[in-house]
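Report on one structure; see the data block that follows.
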Amino acid sequence: MSALINHFCSYFVLIFLFYHVEAISKCGKVFITISSFEAGFIELNWVTNCDSLDDYPSRIELFTYNPKTVMGERPLVSINAHIYPEGYYMTKIKFNPPWLPGDWDYYEGINITSPGSHCFPYYIASFRGNGLLDSDCLKIQPTWMSDNRKILGQKRIGTILIPGTHNSGAYGFIPGFLQHYVLNQDKDIWTQLVFGIRYLDFRVGYYPNEGFFINHDLMRITKLEPLLKEITSFMRLAPKEIIILDFHRFPYPTKFEDKLHRQLINIIQKELGHLALPPNGLQVGKGPTLDEIWQRNKTLIICYGHRNIAKEFSWLWTPLHQYWGDKRKVDELKEYLRRSIKNHNSISNPLWALMAELTISPIDVFFVRTTNRKLAQETNKELSKWFRDEWGKESNIVATDFFLGNDMINVAIETNTGN
């Protein structure tokens, strides 16, 4: 009888611990983002779907060290969580480090890096009384697919959640007011990949005597070929990371002739062809498993936005469908994304992308009513919730503006691994 009682006691203890951990994982879970505004302030975020007010964290703090291993030092920021029931607080601390941890700084000929995630010296923690609920750091995750290979291997590429960027090459310096309407990112391609972005959205223009550029519509931004070299270098150092490179549009010249497509493809093939995964037999259903991709030792999927041209080259995938809502308000964007997820039906390419950003209108530009950064700030605060709490397991690629303003990389890893 005593053995039976002990058995049931152990059972109920396990049940208690399960629900206790589950409650903490939902209420008080923390993460750091960087504001989409030009100043790039560090933002503190915490999940607030608590079962009761007693479960709510009492303090959120920002440290330059890991609070799990170092005790007693003063935090950079400490706030009363109850004052911010939405679970968000923007600090006045700027994030603009001149380096990437883990030896991931880019330079020509880079050949030594450290796999795994690596923290910047910024840690967030939630507390209830004196008890630490959750903590995390602002980090790069350059090998997250490889790190989770055992879990991800049997999943199909069209079923996993993939963090991406919209207008990935639209970063850098643009003089004058146009920068507010042309730029969609503030980190280069290398840095995007090192943080964990796995979908790149390229729009290409051609200029006689100058070559191919990344464009935002008719505005050229930066030369294409150096970006291809960054992708090559990253994939040499992280060969198990599966990258989706989408040459989605060709906005300049307005008549982008077939001969220009073939010139462009020759350049892509010269730099990236040896890494490209041929689509033979793979562009069906939900696509290949990640194990099947890794077994081929080619982990770059290149989608090309001209179907007939793509079919001429055995290593190019046909166009990838982007769901772009052309919305101006966050609630309208959410409804559009919800309907797109519900109605999606993959036909010729197992990969598909939700373009999770608001769009500037011509009248906004004329009256200088808003900017890409302001719209991204509105959207990014909500995106992490949508895909963490509602849509993560139903979605494929999610492309965003100023990607450090959301937590989509972590959301993707957690959704795909179940952790």
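Computed from the coordinates by the stated procedures, all read-outs in this text should not be read as laboratory data. Every value quoted in this text rests on a predicted model; they were computed, and no experiment measured them. Positions of Cβ are generated from backbone atoms using ideal geometry, with glycine treated the same way; all protein chains shown enter the neighbour counts.
What distance in nm separates the simple spin-label points at D217 and E292, each placed 7 Å from Cα in the Cβ direction?
Between D217 and E292, the simple spin-label model gives 4.0 nm.
Please name whichever of P226, L132, V411 sits farthest to the positive end of the charge dipole of the chain, dipole taken about the Cα centre and charges placed at Cβ: Lys and Arg +1, Asp and Glu -1.
P226
Which entries of K155/K342; K286/K311; K298/K381; K68/K187; K259/K327 show an alpha-carbon separation above 26 angstrom in the structure shown? Before the final figure, lay out each step's value.
Working: K155/K342 21 Å; K286/K311 20 Å; K298/K381 35 Å; K68/K187 30 Å; K259/K327 35 Å.
From K155/K342; K286/K311; K298/K381; K68/K187; K259/K327, over 26 Å: K298/K381; K68/K187; K259/K327.
In terms of Cα to Cα distance under 17 Å, which aspartates and glutamates are near enough to K255, apart from those fewer than 8 places away along the same chain?
Candidates past the 8-residue exclusion: D217.
Looking at the chain, identify the longest residue range that excludes and avoids all GluC sites (Glu not before Pro) in DSSP loops having at most 13 other Cβ atoms within 10 Å. Present the calculation step by step, with values, prior to reporting the outcome.
Numbers: sites that count: E38, E73, E86, E108, E210, E257, E312.
It runs 313-419.
Between K92 and N308, take the C-beta separation as r, use R0 = 45 Å, and let me know the FRET efficiency to the nearest 0.05.
Numbers: r = 53 Å, r/R0 = 1.18.
Between K92 and N308 the formula returns 0.25.
Taking +1 at the Cβ of each Lys and Arg and -1 at the Cβ of each Asp and Glu, which of I268, P97, M235 sits farthest along the dipole of the chain towards its positive end, judged by Cα position relative to the Cα centre?
I268
I'd like to know which of G205, N396, Y336 lies farthest towards the positive end of the charge dipole of the chain, counting +1 on Cβ of Lys and Arg and -1 on Cβ of Asp and Glu.
Comparing the listed Cα positions along the dipole, G205 ranks first.
Note down the magnitude of the dipole of region 144-417 about its Cα centre, charges +1 on Lys and Arg C-beta and -1 on Asp and Glu C-beta and zero elsewhere, to the nearest 20 debye.
Around 420 debye, computed over region 144-417.
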